């Protein structure tokens, strides 16, 4: 049986909901999806958290994230999970600027992916993975990257059954 880790990056606080409405989340959409995945398939749950705090104003934060991507900045994480004992790793993140947030990129670059199966999942407002799977392949040499699951952020909390079924299928 596979040894499973679920690693995710998620922001709580201010975000954009349908209709460009600003809402505040106590728990980020990706965090909720990660918890549903863990309930469905077991495994160990790891949240990636940055040392720095992003600005609370979502509209300003998205440009902060864009600057990180354009300049290749990898924000430091509070901790870096050791994945050496796992063979299957779900990796979840919100879609930022059509790819992964730079804290996720920095994490991926630190891991040895040889022989591991990565199952990506993303939350977004409708853009899905964008080019993040293509980018992930660059940062995870030696990994088998499975088809991922893309979930609408504002619908995650009401999508437990869909996410559960997807996760169970993904580990087969």
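The values are calculated or read from the model by the stated rules, or taken from the named source; none is laboratory data. In this text the structure is predicted, and so the values were computed from the model without any measurement. All Cβ positions, glycine included, derive from the backbone under ideal geometry; neighbour counts span all protein chains shown.
Among residues of the range 4-17 that are at positive phi and free of Cβ contacts under 8 Å to residues at least 60 places away in the same chain, those with a beta-carbon under 9 Å from a residue that is outside any strand (DSSP E or B) and surrounded by 21 or more Cβ atoms within 10 Å (Cβ to Cβ) at least six positions away or on a different chain give the pairs 13/28. For the range 1-44, a residue qualifies if it is touching a strand residue (DSSP E or B) at 6+ places or on another chain (Cβ under 6 Å), under 26 Å from residue 63 (Cβ atoms) and in a loop (DSSP other than H, G, I, E, B), and exactly one does: 12. Among the residues making up the range 50-60, those that are under 19 Å from residue 8 (Cα atoms), more than 16 Å from the chain's Cα centre (by Cα) and in contact (Cβ under 8 Å) with a residue 12 or more places away in the chain are 51, 52, 54. Applying the criterion of at least 3 residues that are farther than 23 Å from residue 65 by Cβ to the helices (runs of 4 or more DSSP H) found wholly in the range 80-172 leaves 160-170.
In summary, residue 47 fulfils each of the numbered conditions (1) outside any helix (DSSP H, G or I); (2) over 12 Å from the mean Cα position of the chain (by Cα); (3) under 30 Å from residue 172 (Cβ atoms) with the single exception of condition (2). Taking the numbered list (1) surrounded by fewer than 21 Cβ atoms within 10 Å (Cβ to Cβ); (2) out of contact with any helix residue (DSSP H, G or I) (no Cβ under 8 Å at 6 or more places or on another chain) in turn, residue 104 passes all entries but (1).
Restricting attention to the range 141-170, the residues that are buried (at least 17 other Cβ atoms within 10 Å of the Cβ), in contact with a strand residue (DSSP E or B) (Cβ under 6 Å, 6 or more places away or on another chain) and closer than 24 Å to residue 111 by Cβ add up to 8.
Taking the stated definitions as given, is residue 118 surrounded by fewer than 18 Cβ atoms within 10 Å (Cβ to Cβ), in contact with a helix residue (DSSP H, G or I) (Cβ under 9 Å, 6 or more places away or on another chain), within 23 Å of residue 164 (Cβ to Cβ) and at pLDDT 95 or above? If you could, list the steps in order and put the result at the bottom.
Values: surrounded by fewer than 18 Cβ atoms within 10 Å (Cβ to Cβ): no; in contact with a helix residue (DSSP H, G or I) (Cβ under 9 Å, 6 or more places away or on another chain): yes; within 23 Å of residue 164 (Cβ to Cβ): yes; at pLDDT 95 or above: yes.
It is false that residue 118 is surrounded by fewer than 18 Cβ atoms within 10 Å (Cβ to Cβ), in contact with a helix residue (DSSP H, G or I) (Cβ under 9 Å, 6 or more places away or on another chain), within 23 Å of residue 164 (Cβ to Cβ) and at pLDDT 95 or above.
Within the range 82-93, is there a residue that is farther than 16 Å from residue 167 by Cα, touching a residue at least 24 places away in the same chain (Cβ under 8 Å) and surrounded by fewer than 18 Cβ atoms within 10 Å (Cβ to Cβ)? Yes, the range 82-93 has at least one match.
Assess whether residue 123 counts as being under 12 Å from the mean Cα position of the chain (by Cα), touching a residue at least 60 places away in the same chain (Cβ under 8 Å) and within 21 Å of residue 62 (Cα to Cα).
Working: under 12 Å from the mean Cα position of the chain (by Cα): yes; touching a residue at least 60 places away in the same chain (Cβ under 8 Å): yes; within 21 Å of residue 62 (Cα to Cα): yes.
Here the answer is yes, as residue 123 does meet what is asked.
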